[in-house]
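Each remark here refers to the structure printed beneath this line.
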Amino acid sequence: MSYRRAYQRARFAPLVIMLLSVGCMEYEVMTNLNPDGSGMRSEKLVLENSEDEDLALTPDAFRGLMHVREVDGFRHSERPSDSGTRVHQFTRETAIRNWDAWRSLSGRIQIAAAADTRARYRAGVSDYADVRFENSLQVNRRQGADSRTVEYRERFYWSNLAGVLIEYEVQRFRQFVEKRYPRLRPESRGELIGLAMGALWATAEDGRWDMGDSQRSEAYAPLVEHLTDRALRLVRDRYPQAGRELFAAEFRRMLVELEEDEDFEDFLESRLPGAVLAGNTQLVMRLKLPGRVLESNAHDSDGDTLVWEFSPWDAVLVPVELFARSRLND
């Protein structure tokens, strides 16, 4: 996804004076696994206040969205930076006693999308309060004929963020159709809305959301023309003089120009500020396994430590999977 630029210039309207001006954040997680199954996970989230960033939240709202409250086991400290701003650091350490206890770390890394889960805002059938980013962790040991191995698998995923974003856009398209073509037959209106929803899901799933602006505009041009042709066939029985430009502009807005859409940005900032925070977060996962590493999908290594780096937004459509396997020394 490429909404991060929109998030980095977000204009979340604060309601109180005491605020955290949220810039880019690094969330670093170090996992040490011992041969006997015990180990330690250390987490550190670092946020530097930035006058150049416009996203502002109360401290309590920020801690709640990022799940870095005292009740979550985090400690908070702050210090001045060289540039004169404040650096906030949230840390947590979790000791693991045995192999089975690693499963207790599932769901411990979590970002809630909605600020007020009591409000129960909805997009279509999706409830914003249920949208969140989280992890699932498994550590297994396997005994072979002549060796023992350890497998680490960690999965990061969003619960229905893509569905909420698409349903929000479908609602806007429905409003556009009802306003511009109020005398349209219900079955034609339903087919138009299905056309828009199908196009949004198809373009998301084939990776076009990851394209740059100019590349996406060129790639989407034939699709916009195709959708416009189909839409006109549906409305011209009641509106024979309907022109191309209205539908073409609406499909371009949905599929090509969404990052520049102020209404979409306002929706994210007001209803899903946690998703904005996620877009400004870089996750750095470090893992040290016992024995010799046989295989992994790590992005890099630092000595005997495996390293993965990614954004939570990389997991909007497909979970981010971390995997490593090592052979224990006999």
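Below 8 Å, C-alpha to C-alpha, sequence gap of six or more: please give me the relative contact order for the chain in percent.
Relative contact order for the chain comes out at 23 percent.
Say each of residue 171 and residue 323 gets a label point 7 Å from the Cα, pointing the same way as Cα to Cβ; how far apart are those two points in nm?
3.8 nm
In the chain, what is the volume of the convex hull around the alpha carbon atoms, normalised per residue and reported in Å³? Mind dumping the intermediate values first?
Values: hull volume 57.0 nm³, N = 330.
Taking the convex hull of the Cα positions in the chain, it is 173 Å³ per residue.
If you place +1 on the Cβ of every Lys and Arg and -1 on the Cβ of every Asp and Glu, how big does the dipole about the Cα centre of segment 163-264 come out, in debye to the nearest 20?
It works out to roughly 800 debye.
Would you tally the net charge around residue 99, using a Cβ to Cβ cut-off of less than 14 Å, leaving residue 99 out, and scoring K and R as +1, D and E as -1?
+3
Which residues in segment 148-192 place their backbone N less than 12 Å from a point set 7 Å from the Cα of residue 230 along the Cα-to-Cβ direction?
191-192
In square nanometres, what is one fourth of the surface area of the convex hull spanned by the alpha carbons of segment 243-307?
7.6 nm²
At 24 Å minimum axial length over the Cα atoms and a Kyte-Doolittle cut of -1.0, report the qualifying DSSP H helices in the chain, or say none.
Numbers: long enough: 161-180 (29 Å, -0.23); 186-205 (28 Å, 0.24); 213-235 (30 Å, -0.45).
Both cut-offs are met by 161-180, 186-205, 213-235.
Can you run phi through the Karplus equation (6.51, -1.76, 1.60; θ = phi - 60°) for segment 307-318 and list ³J(HN,Hα) in whole Hz, with x for Gly and Pro?
9, 10, 9, 6, 9, x, 5, 5, 9, 4, 9, 10
Based on alpha-carbon centroids, what's the gap between segment 142-185 and segment 32-109 in Å, whole number please?
If you average the Cα positions of each part, the centres end up 26 Å apart.
Using the Cβ atoms and a cut-off under 15 Å, what net charge is assigned to the surroundings of residue 38, where Lys and Arg are +1 and Asp and Glu are -1?
Computed value for this residue: +2.
Report the FRET efficiency, 1/(1 + (r/R0)^6), for residue 242 and residue 110, where r is their Cβ-Cβ distance and R0 is 51 Å, rounded to 0.05.
Using R0 = 51 Å, I get an efficiency of 0.60.
Please list, in order along segment 93-101, the HN-Hα scalar couplings obtained from phi with the Karplus expression 6.51 cos²θ - 1.76 cosθ + 1.60 (θ = phi - 60°), rounded to whole Hz, x for Gly and Pro.
With coefficients 6.51, -1.76 and 1.60, one gets 10, 10, 8, 10, 8, 8, 4, 5, 6 Hz.
With N denoting the number of residues in segment 274-314, provide Rg(C-alpha) divided by 2.2 N^0.38 Å, to two decimal places.
1.42
By what distance, in whole Å, do the Cα atoms of segment 172-282 stretch along each of the three principal axes, largest value first?
Projected onto the principal axes, the Cα atoms of segment 172-282 cover 51, 30, 20 Å.
Values in this text are rule-based calculations from the coordinates and carry no lab data. The shown structure was predicted, so the numbers you read here are calculated from the model rather than taken from an experiment. Methodologically, a virtual Cβ is constructed for each residue, glycine included, from the backbone with ideal geometry; neighbour enumeration extends over all protein chains shown.
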